[in-house]
Amino acid sequence: MCGIVGVVSSAPVNQLIYDALLLLQHRGQDAAGIVTQQGRKFFMHKAKGMVRDVFRTRNMRALPGNVGLGQVRYPTAGNAYSEEEAQPFYVNAPFGIVLVHNGNLTNAKQLRGELFSTDHRHTNTESDSEVLLNVFAHELEKATRGLPLQPEEVFTAVRNVHARVKGSYAVVALIAGHGLLAFRDPHGIRPLCLGRSPDGTVMVASESVALEGSGYVFERNIAPGEAVFVDSQGQVHAQQCAPSSWLNPCIFEFVYLARPDSVLDGISVYQARLNLGEALAKRVISTVPPNEIDVVIPIPESSRPSATQLAHLLGIPYREGFVKNRYVGRTFIMPGQGVRKKSVRQKLNVIGSEFKGRNVLLVDDSIVRGTTSREIVQMARDAGAKKVYLASAAPPVRYPNVYGIDMPTSTELVAHGRTVEEVRQVIGCDALIYQDVEGMKKAIGSLNPQLNGFDASCFDGVYVTGDINADDIQRINEARVGQEEPFAEEDTSRLALPNAQDA
């Protein structure tokens, strides 16, 4: 899961793209990159780190031009520590193309073989985004056959990309001297939208918040399978490039990943989380009598809307009991599990008066590994809570995600192969209440009846692209982000995943 943006303007775009990436920082904090175009020349700067650390004044001055794109990276395949795998990626033929990608290709290994043996193209990293770029470049070369580039040839290339590539992909690319291209996979798993400024210039971005926060007016979502090409004169050309398409957005975007002030595919993320809290309230009543709960406390940050709505419907006081430290860096490897526990306590501190002598209901957006949940429950007990109940606004995460979220292997998922009671015992709470899958889908899906459904594969095991089996999952897990930086690792607890409120 990454954040991408592209702009075609009549004025310099370097600061505009920088500001948009700040608004998308929650979608990836591992690396950032910007490419601008002046004439037919590209100017690029990319590096590991947060946007504010990657780009200094000297870097911004070296990014001239009125057209550009950018990305914040959250790696799910390849090597998280490789500077070379930061995006954008570039190829010089045909024309010169730079590309940024949000998602995950499920047939990247097959495509890499085809690129070498059939297309005669070289990839130099383990990134599936570089594979995608080279597939597109090959198809564009075939479509143009040395002729001047027209929008129809661009759409033909995207059509052929859809025929070859499987998985999830929202893409923005620049074709040197010709224009900006944006397209989305036929299932619309990852979000992508389009907006205009008052002077008519165009921006595409992963979330509507990047448009609105940059002074652009949201116009529409790019449809699943659709390609939008903005030529060098600023004219927008659009065409459906997939023979069949469905709108099946990733439901985890609404549960956790997206900013609450975004609207994705016609659904307010904030309202979706309120609806999840309302549905969860019904589940809580059937498990724990409300008169046995003294206070509802969210686990920061994404669970707040759900917790607020749940508390309101149950008539129970809502309180803030945890304070999150936004400035804790990475945790260094040391013997034993003490460091992992310490990192959770560094990132989250309790307000003891909200727990002492009370039966508390903690609300989280989801539970993945369970290690952080167990530690937080213990923190509540240490603060004096009489009983600690835990409610999850999402159902049990039982299956890996293969579409661009670094969900761990099945064996690392606390709910995989366990009953709710067994998970409760692992976490150590007095009662554990999960959302149910159909309740989650109804709560969010009711906000846009035009949806064909969701990719909810990490909850229900149904992979919407229809090409995933157990062997594929094992192969994709083997290609998960490499841990090759010696002596250091990111804390992989739930608190370490990107959070919409951290940006």
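Every number here is computed from the coordinates shown, using simple stated rules; none is lab data. Being a predicted model, the structure only gives us computed values, none of them experimental. Using ideal geometry, Cβ is built from the backbone for each residue, glycine included, and neighbour counts are taken over all protein chains shown.
Side notes on the structure shown:
- Between Ala62 and Arg418, the contour length at 0.36 nm per residue exceeds the alpha carbon distance by 122.8 nm.
- Relative contact order of the chain: 15 percent, from C-alpha pairs under 8 Å at least 6 residues apart in sequence.
- Along the axis of the charge dipole computed for the chain (Cβ charges of +1 for Lys and Arg, -1 for Asp and Glu, origin at the Cα centre), the listed residues Leu105, Phe55, Ile351 are led at the positive end by Ile351.
- For a straight C-alpha distance cut-off of 18 angstrom, the lysines reachable from Lys347 (same-chain residues fewer than eight places away being disregarded) are Lys324.
- Ranked Val462, Val377, criterion: other C-beta atoms within 10 Å, fewest first: Val462, Val377
- A crude spin-label estimate for the pair Val217 and Gln474, with each label 7 Å from Cα along the Cβ direction, gives 5.5 nm.
- Each peptide in 244-254, 212-222 was scored by the mean count of other Cβ atoms within 10 Å over its residues; highest first, the order is 244-254, 212-222.
- The packing ranking, built from the mean of other Cβ atoms within 10 Å per residue, places the peptides 45-55, 159-169, 410-420, 127-137 in the order 127-137, 159-169, 45-55, 410-420, highest first.
- Listed residue pairs exceeding 20 Å between alpha carbons, taken from Lys46/Lys109; Lys48/Lys109; Lys282/Lys441; Lys48/Lys166: Lys46/Lys109; Lys48/Lys109; Lys48/Lys166
- Considering the stretch 268-451, its Cα convex hull presents a mean projected area of 11.3 nm².
- Cross-link partners of Lys41 among lysines (Cα-Cα below 24 Å; sequence separation of 8 or more within a chain): Lys142
- Pairs of alpha carbons in the stretch 3-246 whose separation is greater than 22 Å (percent): 47
- Cα-projected label distance for Ser446 with Thr287, points at 7 Å along beta-carbon direction, nm: 2.0
- Available extension along the chain between Arg196 and Arg326 is 43.5 nm, counting 0.36 nm per residue and deducting the alpha carbon span.
- Listed peptides 2-8, 24-30 by packing density, highest first (mean Cβ within 10 Å): 2-8, 24-30
- Near-label residues of the stretch 252-280 by backbone N, under 18 Å of a point 7 Å along Cα→Cβ of Glu438: 276, 279-280
- Computed over the Cα atoms of the chain, pair by distinct pair, the Kirkwood hydrodynamic radius stands at 23.3 angstrom.
- Treating r as the C-beta distance of Asp467 and Ser353 and R0 as 60 Å, the FRET efficiency rounds to 0.70.
- Contour minus Cα-Cα distance for Asp53 and Lys386 (0.36 nm per residue): 115.5 nm
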